[in-house]
């Protein structure tokens, strides 16, 4: 961490007289407090302030700046997001997703400490993005970091020639935080987008979808030991997170490399694919209950005989399940705590409204419901509180 | 059936954590400082208890409600837990009131966020738009 500069910024932020009576570190359940370090508590308060005062107000602005129309929405990069990222860096809130028991590149927080911060981030839509805190990032980046991978693209001519994909980064970002491993520097400093695909099962297992697509789409990474050491990928993917963003530079692709292996857990492999490799079509974006989640989104993407260097295989052939499963646990903690944060925000909203109507001021709710009756008012916030805490 | 067992495990463990948390909170200072945690536990545990026993009774069918299993007695006994030592309503009322004290601060916070949003809208030169806005106006002439 860049100690002096970020510390100064943090101090400036937290010493503002806030309107919230107890800050986030004061609300940590007493039960888990012994496992939360002083440094994490301090950071947690900074995170809370940052989310409440800078991220939540920015959410509607980003929604406006993202605009209309699929093409536009998925190539929009509102400046405000970059500004917030810079601000996050300034506050030292960056790369906090790598649990300290596994990685040295992260900020050195435990899963619990990180979970508590994720809770704060869950309150805002943009908060995770600006801190590369996305669980997806959590999951996939740490997968890449673990094997310390070097990405090769087989299409680049001669045997053995390769290039690193992490090039799409700005000088200032590299300068900001030199990473220990050269090949992970770009991604740790953002800018190099990433996209995770592990949902091929959606159609491999789905009889209807399979019929629709024809039997040639078997979700396979066919490893053919060619002279150019290339691996061919033939697969369609639904729910490829982040595929809609044109900055997405790497596809972390999981597919069946050995579909006939007796051990079902040895059938899959994870392979890194440079987004510029020929044969990839980002066909469309999928909506979730009508929302497109632009510019991140969920892609339907087709790999048609995409050839990459076989050394792009993460950890080795047949180890896909292990890789993906290994990070799902921490990823779920992140999602769970984000959900807790998001649901706590309903408490803020209803409390705000309720205290208004109790004190005789007009409620801001458009439609009034029977729970408006005074004898029932006090009952409303509880189920939220109790369930958040349970 | 496996799902019911799993759900019951989740419910029991969640309730258990809430109780442990309340216990630690009391140990740390005293019961006065643990009002929230105690109320949470006092409401959640009997509720969980009844839900889980209810599921089990359902699984046993007729056997579950008669004297051949302890379930009916457990349910009856568990039901009183929602009343003794302060009924649910008392704890809910107290917890609700205390929660609601945050209202003023929450309102200030939300108002500040809205003001900041307005400021950012100006800075990034955007106006709030509802993409589904139609503003379709009916004819100007009355047909009567």
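So which residues in segment B:96-112 are in contact with a helix residue (DSSP H, G or I) (Cβ under 7 Å, 6 or more places away or on another chain) and either part of a loop (DSSP other than H, G, I, E, B) or within 7 Å of chain A (Cβ to nearest Cβ) (or both)?
Narrowing segment B:96-112 to residues in contact with a helix residue (DSSP H, G or I) (Cβ under 7 Å, 6 or more places away or on another chain): B:96, B:98-100, B:102-104, B:106-107, B:109-110.
Within segment B:96-112, B:96, B:99, B:100, B:102, B:103, B:104, B:106, B:107, B:109, B:110 meet the criteria.
Are there any pairs, at least 6 apart or on different chains, whose C-beta atoms fall under 7 Å, with the first in segment A:274-287 and at positive phi and the second surrounded by fewer than 14 Cβ atoms within 10 Å (Cβ to Cβ), and if so, which?
Between residues of segment A:274-287 that are at positive phi and residues that are surrounded by fewer than 14 Cβ atoms within 10 Å (Cβ to Cβ), the close pairs are A:279/A:305.
Among the residues of segment A:19-52, how many are within 12 Å of chain B (Cβ to nearest Cβ) and either outside any helix (DSSP H, G or I) or surrounded by 18 or more Cβ atoms within 10 Å (Cβ to Cβ) (or both)?
Of the residues in segment A:19-52, 12 are within 12 Å of chain B (Cβ to nearest Cβ) and either outside any helix (DSSP H, G or I) or surrounded by 18 or more Cβ atoms within 10 Å (Cβ to Cβ) (or both).
Exactly one of these conditions fails for residue B:128: (1) away from chain A (no Cβ under 11 Å); (2) over 18 Å from the mean Cα position of the chain (by Cα); (3) free of Cβ contacts under 8 Å to residues at least 24 places away in the same chain. Give me its number.
The single condition residue B:128 does not satisfy is (1).
Considering only segment A:234-271, state which residues are farther than 23 Å from residue A:75 by Cβ and in contact with a strand residue (DSSP E or B) (Cβ under 6 Å, 6 or more places away or on another chain). Step through it out loud before you land on a result.
So the first thing to find is which residues in segment A:234-271 are farther than 23 Å from residue A:75 by Cβ, and the list is A:234-235, A:254-271.
Within segment A:234-271, A:234, A:235, A:254, A:255, A:256, A:257, A:267, A:268, A:269, A:270, A:271 qualify.
Being free of Cβ contacts under 8 Å to residues at least 24 places away in the same chain and more than 22 Å from residue B:19 (Cα to Cα) narrows it down to one of B:68, B:30, so name that one.
Exactly one of B:68, B:30 is free of Cβ contacts under 8 Å to residues at least 24 places away in the same chain and more than 22 Å from residue B:19 (Cα to Cα), namely B:68.
If we scan segment A:291-302, do we find a residue that is touching a helix residue (DSSP H, G or I) at 6+ places or on another chain (Cβ under 6 Å) and in a strand (DSSP E or B)?
Start the filter on segment A:291-302 by keeping residues that are touching a helix residue (DSSP H, G or I) at 6+ places or on another chain (Cβ under 6 Å), which leaves A:294.
Add one more test, that the residue is in a strand (DSSP E or B), and what stays is none.
Checking segment A:291-302: not a single residue is touching a helix residue (DSSP H, G or I) at 6+ places or on another chain (Cβ under 6 Å) and in a strand (DSSP E or B).
Checking residue B:62 against (1) away from chain A (no Cβ under 13 Å); (2) within 30 Å of residue B:43 (Cβ to Cβ); (3) modelled with pLDDT of 90 or more, only one condition comes out false. Which one?
Here residue B:62 clears every test but (2).
For residue B:36, only one of the following conditions fails: (1) without any contact (Cβ under 8 Å) to a residue 12 or more places away in the chain; (2) within 14 Å of chain A (Cβ to nearest Cβ). What is its number?
(1)
Which is outside any helix (DSSP H, G or I), more than 10 Å from chain A (Cβ to nearest Cβ) and more than 30 Å from residue A:27 (Cα to Cα), of B:85, B:68, B:54? Walk me through how you get there before you give the answer.
Numbers: B:85 fails: more than 30 Å from residue A:27 (Cα to Cα); B:54 fails: outside any helix (DSSP H, G or I).
One residue alone meets the criteria, B:68.
Report the residue count in segment A:54-68 for those that are assigned to a helix (DSSP H, G or I) and more than 7 Å from chain B (Cβ to nearest Cβ). Break it down into steps so the answer makes sense when it comes.
Residues of segment A:54-68 that are assigned to a helix (DSSP H, G or I), as a first pass: A:54-55, A:58-66.
Applying the additional criterion that residues be more than 7 Å from chain B (Cβ to nearest Cβ) yields A:54-55, A:59, A:62-63, A:66.
Number of matching residues: 6.
Answer yes if at least one residue in segment B:71-89 is in contact (Cβ under 8 Å) with a residue 40 or more places away in the chain, on the phi < 0 side of the Ramachandran plot and under 29 Å from the mean Cα position of the chain (by Cα), and no otherwise. Let's see the steps before the verdict.
Restricting attention to segment B:71-89, the residues satisfying the condition of being in contact (Cβ under 8 Å) with a residue 40 or more places away in the chain are B:85-86, B:88.
If we keep only those that are on the phi < 0 side of the Ramachandran plot too, we end up with B:88.
Then drop every residue that is not under 29 Å from the mean Cα position of the chain (by Cα), which leaves B:88.
Checked against the condition, which is being in contact (Cβ under 8 Å) with a residue 40 or more places away in the chain, on the phi < 0 side of the Ramachandran plot and under 29 Å from the mean Cα position of the chain (by Cα), segment B:71-89 yields at least one hit.
The values are calculated or read from the model by the stated rules, or taken from the named source; none is laboratory data. Not measured: the values here are computed from a predicted model. Virtual Cβ from ideal backbone geometry, glycine too; neighbours counted across all protein chains shown.
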